[in-house]
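Structure first, then comments.
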Amino acid sequence: MIRVFTTIVLLILGSPIFSQANQNCDKKNICSWIESENNENSLYLQAKNLIPGTHMTVYLSIEGSNIETDPPSPISFVLDSSEKKKALTIKKKENSQSSGSISVLAVAYYGNLTAVHNDTYIYTLPYEGKSWISVGYNSGEEHRGGGAYSLDFVLKEGASILAARDGIVVETEDSYTEGRKDPKLIDKANRVVIEHSDGTVAIYGHLQPKGVLVKTGEKVLAGQKIGLAGNTGFSTGPHLHFEVYKPEENRKKRSFATLFKTESEEKEYLSEENAYWSPDGKTPPGFPMTNLEEICIGNSVPNPDKLEVCQYKIKAKQTFYLSIPIFKSGPYLFKAELISGKTKAAVFKLEEKIPGGINFQAWEIQTDLAPGKYKAKFYLEEKEIGEKSLQILP
């Protein structure tokens, strides 16, 4: 979870009738103060730099001897303009002799406490190309509680981050440089925070140092490039943390499952250990579980992090490798066979079960094939997904 709030504490030394206090403001210029008039003492809030069209939810807790508030504290209060707002009234308890001291705790969150998420909205994938979800809903260490409906997309350092929905940028941070699995870095992830028209907020976290490409107050459109993927804060590798939430009472938040339009051309909820990419109207052989064009046969050991250009030419009487990318989590039954160009008969067959939870599978194969031309056929779940020409070199 990326926390996006600050705390301000106001201490007033009171008498039976409170005197007016100076304003106390946090780094976001959310200010609180007490005004006394007509024997009534009121706490006011003001978001002096609030961006038009956005909201700030402020949690208020008032503590003090012999005092009570109306409405009762703690409460959460929504600021929707830069005008000052009366949040509550403070008064002495009946039959009390003195008010003593008062402590005011104000914790500010981006977003609208009363927001109603538009569950029918179809989000744009927040990256270019293809990405796997390493941590999905209700999973891992951080995707729990208020942040249960968060997604971690595996991306290379510097990959483009796109806005998933239209909105207004309410916060940016790109000064942090460290990234590792360390609780001390929980609040030190570079990020872009965007408020949507329904009052919910999206967080794009773990960006590169100096990897923010938008400014606070800027209106952005879905699909617009807003940052660069990185590995800052509490993180085990380059990825994008994406989350849509709204503030709730008692310093809590509620995250939302979000629909995306994907390569399937349908709206869908995304799940862990699967890959997704933007729709382009193309459906390669093996879609959507794999792509025939990326199945590789060669003499070199395959590298899952590097897409190889496979020539389908291997040396005779040498070990070769067969590899296949997996875009949707299995298990799957995979079959491959080599058919001689001369005899038209199958001279080699492979049948393996691809387990769930992986995005790449490779096999080391030792066989004694005569030089010549062959045809390689591939099957997933008993369905032929295509074939390629193969040549065994002398």
Item to check | Subset of the range 22-67 [part of a loop (DSSP other than H, G, I, E, B) and small (Gly, Ala, Ser)] | outcome: 53, 65
Checklist entry - Are any residues in the range 222-260 among the acidic types (Asp, Glu) and outside any strand (DSSP E or B), and if so, which ones? => result 249
Checklist outcome for this item: Within the range 128-158, the count of residues that are hydroxyl-bearing (Ser, Thr, Tyr) and touching a strand residue (DSSP E or B) at 6+ places or on another chain (Cβ under 6 Å) comes to 4
Checklist outcome for this item: The strands (runs of 3 or more DSSP E) lying entirely within the range 73-152 that contain at least 2 residues which are at pLDDT below 95, outside the structural domain of residue 256 (by TED's automatic domain parsing) and small (Gly, Ala, Ser) are 101-110
Item to check | Inter-residue pairs, beta-carbon under 8 Å, first surrounded by fewer than 22 Cβ atoms within 10 Å (Cβ to Cβ) and in the range 180-194, second assigned to a helix (DSSP H, G or I), 6+ apart | outcome: none
Next on the checklist: Being assigned to a strand (DSSP E or B) and of a type in the set (A, V, I, L, M): is that true of residue 164 here?
Outcome noted: no
Checklist entry - more than 20 Å from residue 136 (Cα to Cα) and in contact with a helix residue (DSSP H, G or I) (Cβ under 7 Å, 6 or more places away or on another chain): does that describe residue 178? => result yes
Checklist entry - Does residue 349 qualify as being in a strand (DSSP E or B), of a type in the set (Lys, Arg) and more than 29 Å from residue 129 (Cα to Cα)? => result yes
Checklist outcome for this item: Of 266, 249, 218, 243, the only residue that is more than 15 Å from the chain's Cα centre (by Cα) and either free of Cβ contacts under 8 Å to residues at least 24 places away in the same chain or closer than 20 Å to residue 185 by Cα (or both) is 266
Item to check | From the options 168, 186, 122, residue that is within 23 Å of the chain's Cα centre (by Cα) and farther than 22 Å from residue 57 by Cβ | outcome: 122
Item to check | Residue ID - surrounded by the most Cβ atoms within 10 Å (Cβ to Cβ), chosen from residues in the range 149-170 that are farther than 13 Å from residue 202 by Cα and either in contact with a helix residue (DSSP H, G or I) (Cβ under 6 Å, 6 or more places away or on another chain) or among the small types (Gly, Ala, Ser) (or both) | outcome: 159
Checklist entry - How many of the residues making up the range 181-203 are within 15 Å of residue 229 (Cα to Cα) and outside any loop (DSSP other than H, G, I, E, B)? => result 5
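The values are calculated or read from the model by the stated rules, or taken from the named source; none is laboratory data. Note that this is a predicted model, so its numbers are computed, not measured. All Cβ positions, even for glycine, are placed from backbone atoms using ideal geometry, and neighbour counts span all protein chains on display.
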